[in-house]
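The values are calculated or read from the model by the stated rules, or taken from the named source; none is laboratory data. Small disclaimer: the values here were computed from a predicted structure and weren't measured. Cβ coordinates were reconstructed from backbone atoms using ideal geometry, including for glycine residues, and neighbour counts include every protein chain displayed. Surface areas here come from the heavy atoms of the whole protein model, side chains and all, with no ligands, DNA or RNA. Shrake-Rupley method; radii C 1.70, N 1.55, O 1.52, S 1.80 Å.
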Amino acid sequence: QVQLVESGGGLVQPGGSLRLSCAASGSMFSIYNMGWYRQAPGNQRELVITITSGGRTNYADSVKGRFTISRDSAKNTVYLQMNRLKPEDTAVYYCYAAVALDIMTPVKDYWGQGTQVTVSS
């Protein structure tokens, strides 16, 4: 029943910026972790950045200093601010959330449908 909806993808020139958002909806007991992964053609899906309910972030070295994550807990929404974008950032970006549906159910992983980010001149 949990749905993750991404928005904000598009085409941007190298050095530019984009802001992605992901909103989680449905019946949820708790969100333990939330953020983004990405997948480029011919590559494995890889971590971009996530944030736990306690505010701890986990991110790839390739985006350190360029990407930041923030959240609005009241809206079950996270945001990805991407600055100084590079062509190698081109990928489909997938929202991710680790969610407990009720107090007794183990945490499950949920994925959004993905939004395309293209960095090109």
| field | Net charge, Glu88 excluded, C-beta distance under 13 Å - Lys, Arg +1, Asp, Glu -1 | value | +1
| remark: Ignoring ligands and nucleic acids, Leu18 exposes an accessible area, probe 1.4 Å, in Å² to the nearest 10, of 30
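Just to confirm, what accessible area per residue do you get for the chain at 1.4 Å probe, in whole Å²?
With the other protein chains kept in place, the chain gives 56 Å² per residue.
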| query | If you line up the Cα atoms of the range 1-116 on their principal axes, what length do they span on each, largest first, in Å? | reply | 46, 27, 22
| request: With all protein chains present, calculate the accessible area of Val92 using a 1.4 Å probe and round the result to the nearest 10 Å². | output: 40
| Which lysines have a Cα lying under 21 Å from the Cα of Lys86, excluding residues fewer than 8 positions away in the same chain? | Lys64
| field | Relative contact order computed over the chain (Cα-Cα under 8 Å; 6+ residues apart), in percent | value | 37
| said: Can you give me the solvent accessible area of Ile103 with a 1.4 Å probe, rounded to the nearest 10 Å²? | reply: 130
